Amino acid sequence: MNNGTTRIAGTIVTYGFVGLMAFLSIFPFLWMLLGATNSSIDIIKGRMMPGSALATNIATFFTQVNAPLVFWNSAKIAILATVLTLAVSSLAGYGFEVFRSRHRDRIYSALLLTMMIPFAALMIPLFIMMGKAGLINTHFAVVLPTIGSAFVVFYFRQTTKAFPSELRDAAKVDGLKEWQIFLYIYVPVMRSTYAAAFIIVFMTAWNNYLWPLIVLQSNETKTITLVISSLASAYYPDYGVVMVGTILATLPTLAVFFFMQRQFVQGMLGSVK
Amino acid sequence: MDMRTYLPRFAAIVLAGASLMAVTAAQAKEITVWCWDPNFNVAIMKEAGARYTKAHPDVTFNIVDFAKADVEQKLQTGLSSGTADALPDIVLIEDYGAQKYLQSFPGAFAPLSGTVDYSGFAPYKVELMTLDGQVYGMPFDSGVTGLYYRKDYLEQAGFKPEDMQGITWDRFIEIGQQVEAKTGKKMMGLDPTDAGLVRIIMQSAGQWYFDKDGKANITGNAALKAALETINKIMSANIYKPAAGWSDWVGTFTSGDVATVITGVWITGTVKAQPDQSGKWGVAPIPALSIDGATHASNLGGSSWYVLESSAEKAEAIDFLNAVYAKDVDFYQTILTDRGAVGSLLAARSGAAYGEADAFFGGEKVWQNFSDWLAKVPSVNYGVFTNEADTAVTAQLPALTQGTPVDEVLKAIDAEVSAQIQ
């Protein structure tokens with residue numbers, strides 16, 4: 001009886017806490033969805049019910065923003081950054097773990113230390129470099145500094161520790177060259193790792209704000225995050241339109257997440273234990 | 001799949017993608033402008049550009065819009081890196097920050113003193129872009145202030161529009177108490193985390209956080225002290241409706257909860273966005289302090305255009321600004337009608353839009369009034385650290401409302417400002 005009461009109280013506390021946390025994380029999302037259906041004035045007045053302005057807001061968004069171009073810019077940058085980052089940084093992480101050399105761990109520590117430098121400190125020198133290379137206002141300049149990501153190298157090196165060295169040995173006996181081992185053995189086995197890294201890198205690239213802002217100069221090259229920032233900073237922002245833009249900008253990352261989540265699970269099932 | 005044929009193909013795709021991303025370089029005689037707000041500055045600059053292109057078909061415009069903080073960030077990075085081709089030809093800078101850029105990056109902006117006739121502009125606007133006798137920049141929108149009031153509420157409380165003209169702050173508070181007693185409405189909305197009202201009151205008496213030489217002017221600043229005392233009186237008389245943030249503050253008058261609004265002229269569009277309140281509003285000059293140099297005119301916000309010295313199209317950019325912003329009275333009528341923008345060119349008042357009687361304000365010629373007040377806004381030196389000083393004031397406002405004596409609040413603000421600017 002006493003035990004039962006305690007258990008019920010515990011359940012209530014647990015669910016209360018979980019419920020509160022769920023509310024805290026869902027509320028901004030709900031607010032965004034409701035905001036998209038209301039006029040700016042209703043949003044300012046604090047209206048929390050579905051409104052009738054959704055069609056108007058969508059129409060205004062598409063007249064004010066060259067949406068196909070802006071989304072194409074964002075997608076181009078995110079996909080290129082993800083593919084190149086995964087290719088370069090997974091090779092580096094694999095190399096760091098598999099090949100032994102005298103200064104390997106010192107170089108690795110130095111690489112990890114670069115994660116401690118805030119991007120704001122790198123911005124101006126990086127900008128000067130891009131200026132000298134004539135890359136200002138190109139999407140390539142946005143992608144280039146993100147390719148060699150210390151975090152992704154670190155992530156791949158850590159997961160490579162679980163990659164059985166027997167597989168490498170067996171492949172060598174079968175006469176595979178190093179790059180063949182990487183491509184035919186390592187990459188398929190590490191599918192789950194790639195899937196997780198894909199999600200992380202894609203989201204970072206899609207939501208990247210500061211560096212694209214600095215390096216992109218014209219309306220034709222701007223990404224969706226820059227456009228939303230510009231809409232939201234008007235003297236009288238049309239919050240309904242901003243919310244429509246935010247929802248549209250969230251969809252691709254959501255899609256990638258759900259799609260890759262399945263891959264992630266499949267990769268886990270198929271990986272060599 | 002055979003990897004030997006696959007790999008070169010993959011490489012080719014990557015290379016093709018990279019070359020696709022290169023963007024065609026800007027054409028000659030294209031003037032690039034950076035500014036914020038698609039419905040205000042961007043739209044107005046497009047109108048100005050279209051007018052100039054009509055007369056000079058060889059000059060075209062590329063108006064790029066970024067958020068205000070983003071324009072500042074990009075300008076700062078571009079100027080710091082010394083990468084000139086990364087900068088626009090013309091950039092919009094908020095007036096409070098103008099001296100910061102002019103003094104931090106000497107030689108970065110083109111002086112326009114020889115070209116532009118500055119005597120036609122509101123003097124305070126010219127003063128804020130002057131450094132060492134040179135005037136940089138083209139004065140643009142003004143935040144000349146007014147006292148917007150609900151005629152219906154004030155009438156219920158026994159006040160006529162004449163009673164609102166040329167009042168002091170003490171009288172304003174008295175009226176506020178009457179209004180609440182008779183109508184149950186508060187006199188004004190007040191956001192305790194926004195120092196905007198302090199700035200309005202201070203500048204109306206010709207003072208600022210900094211003196212003419214740019215030195216901090218806090219503890220001996222009679223206008224700042226009187227401004228804080230006024231806020232204190234408003235609070236202890238409890239004639240305000242508290243607001244949490246900008247949107248909430250706007251809500252205090254759009255919802256009809258308060259009887260007056262004291263702020264920059266740019267709020268007119270928001271006031272008029274409530275058609276059901278048409279005919280119920282009037283505009284009077286803002287209340288004055290009772291100290292030396294007190295006036296009924298002030299300013300809140302506003303920004304101006306600057307030409308980059310490194311610009312390849314510098315001559316065209318300057319000629320463009322001069323032709324449209326310093327001479328085209330008709331342009332100012334269009335931007336007033338379409339965008340609600342009040343420029344700083346005093347001659348604009350002679351145009352048709354400025355002479356119109358506004359039915360929303362019961363047929364008052366509000367734009368003529370604002371134009372009168374615009375010419376009277378006292379000139380002050382916004383200095384390099386206005387934003388830092390503002391933060392210090394905001395941080396000390398709660399102490400003021402909790403009963404800390406004004407002199408001690410001033411000392412605390414002074415200490416914080418000195419700490420921040422060193």
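Here is how the numbers come out for the structure above:
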item: Test: residue in the stretch A:184-196 that is buried (at least 19 other Cβ atoms within 10 Å of the Cβ), among the small types (Gly, Ala, Ser), modelled with pLDDT under 90 and not in a helix (DSSP H, G or I); result: no
item: Test: residue A:214 is within 29 Å of residue A:110 (Cβ to Cβ), without any contact (Cβ under 8 Å) to a residue 60 or more places away in the chain and within 14 Å of chain B (Cβ to nearest Cβ); result: no
item: Flag for residue A:227 being surrounded by 15 or more Cβ atoms within 10 Å (Cβ to Cβ), within 11 Å of another protein chain (Cβ to nearest Cβ), outside any loop (DSSP other than H, G, I, E, B) and more than 16 Å from the chain's Cα centre (by Cα); result: yes
item: Subset of the stretch B:190-205 that is over 17 Å from the mean Cα position of the chain (by Cα) and closer than 23 Å to residue B:166 by Cβ - its residue that is surrounded by the fewest Cβ atoms within 10 Å (Cβ to Cβ); result: B:190
item: Residue among A:209, A:194, A:239, A:155 that alone is in contact (Cβ under 8 Å) with a residue 60 or more places away in the chain and in contact with a Leu (Cβ under 9 Å, 6 or more places away or on another chain); result: A:194
item: Selection within the stretch B:269-302 - surrounded by fewer than 24 Cβ atoms within 10 Å (Cβ to Cβ) and of a type in the set (Ser, Thr, Tyr); result: B:270, B:278, B:290, B:295
item: In the stretch B:26-47, the residues that are more than 7 Å from chain A (Cβ to nearest Cβ) and closer than 25 Å to residue B:105 by Cβ; result: B:26, B:30, B:31, B:32, B:33, B:34, B:35, B:41, B:42, B:45
item: Flag for residue B:276 being out of contact with any helix residue (DSSP H, G or I) (no Cβ under 9 Å at 6 or more places or on another chain), more than 30 Å from residue B:107 (Cβ to Cβ) and assigned by TED's automatic domain parsing to the domain that holds residue B:411; result: yes
item: Qualifying residue in the stretch A:162-179 (condition: under 23 Å from the mean Cα position of the chain (by Cα), on the phi < 0 side of the Ramachandran plot and away from chain B (no Cβ under 14 Å)); result: no
item: Matching option when the condition is over 20 Å from the mean Cα position of the chain (by Cα) and within 19 Å of residue B:392 (Cα to Cα), among B:225, B:241; result: B:225
item: The stretch B:94-115: number of residues that are over 23 Å from residue B:59 (Cα atoms) and in a strand (DSSP E or B); result: 1
item: Test set (1) over 24 Å from the mean Cα position of the chain (by Cα); (2) within 21 Å of residue A:130 (Cβ to Cβ); (3) more than 9 Å from every other protein chain (Cβ to nearest Cβ) - residue B:79 fails condition number; result: (1)
item: Residue in the stretch A:94-110 that is within 14 Å of chain B (Cβ to nearest Cβ) and in a helix (DSSP H, G or I) present; result: no
item: Residue selected from the stretch B:303-325 under the condition in contact with a Leu (Cβ under 7 Å, 6 or more places away or on another chain) and small (Gly, Ala, Ser), by the criterion surrounded by the fewest Cβ atoms within 10 Å (Cβ to Cβ); result: B:310
item: Unique match (being among the aliphatic types (A, V, I, L, M) and either loosely packed, with under 10 Cβ neighbours inside 10 Å or in contact with a Leu (Cβ under 8 Å, 6 or more places away or on another chain) (or both)) among A:121, A:92; result: A:121
item: Test: residue A:71 is in a helix (DSSP H, G or I), crowded, with 17+ Cβ neighbours inside 10 Å and within 13 Å of another protein chain (Cβ to nearest Cβ); result: no
item: Filtered residue count, the stretch A:150-183, keeping only those that are of a type outside the set (A, V, I, L, M, F, W, C), surrounded by 14 or more Cβ atoms within 10 Å (Cβ to Cβ) and assigned to a loop (DSSP other than H, G, I, E, B); result: 0
item: Within the stretch B:257-286, considering residues that are in a loop (DSSP other than H, G, I, E, B) and free of Cβ contacts under 8 Å to residues at least 24 places away in the same chain, the one nearest to the other protein chains (Cβ to nearest Cβ); result: B:273
item: Among (1) modelled with pLDDT under 90; (2) over 21 Å from residue A:227 (Cβ atoms) - the single one residue A:39 does not satisfy; result: (2)
item: Residue match in the stretch B:386-400 (condition: touching a strand residue (DSSP E or B) at 6+ places or on another chain (Cβ under 9 Å) and either outside the structural domain of residue B:228 (by TED's automatic domain parsing) or outside any helix (DSSP H, G or I) (or both)); result: no
item: Qualifying positions in the stretch A:127-149 - in contact (Cβ under 8 Å) with a residue 40 or more places away in the chain and in a helix (DSSP H, G or I); result: A:127, A:130, A:139, A:141, A:142, A:143, A:145, A:146, A:147
item: Number of positions in the stretch A:217-236 that are under 20 Å from residue A:122 (Cβ atoms) and without any contact (Cβ under 8 Å) to a residue 60 or more places away in the chain; result: 1
item: Residue within the stretch B:169-178 that is within 29 Å of residue B:100 (Cβ to Cβ) and assigned by TED's automatic domain parsing to the domain that holds residue B:260 present; result: no
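The values are calculated or read from the model by the stated rules, or taken from the named source; none is laboratory data. Predicted, not measured: the structure shown is a model, and the values here were computed from it. Note that each Cβ is placed from the backbone with ideal geometry, even for glycine, and that neighbours are counted across all protein chains shown.
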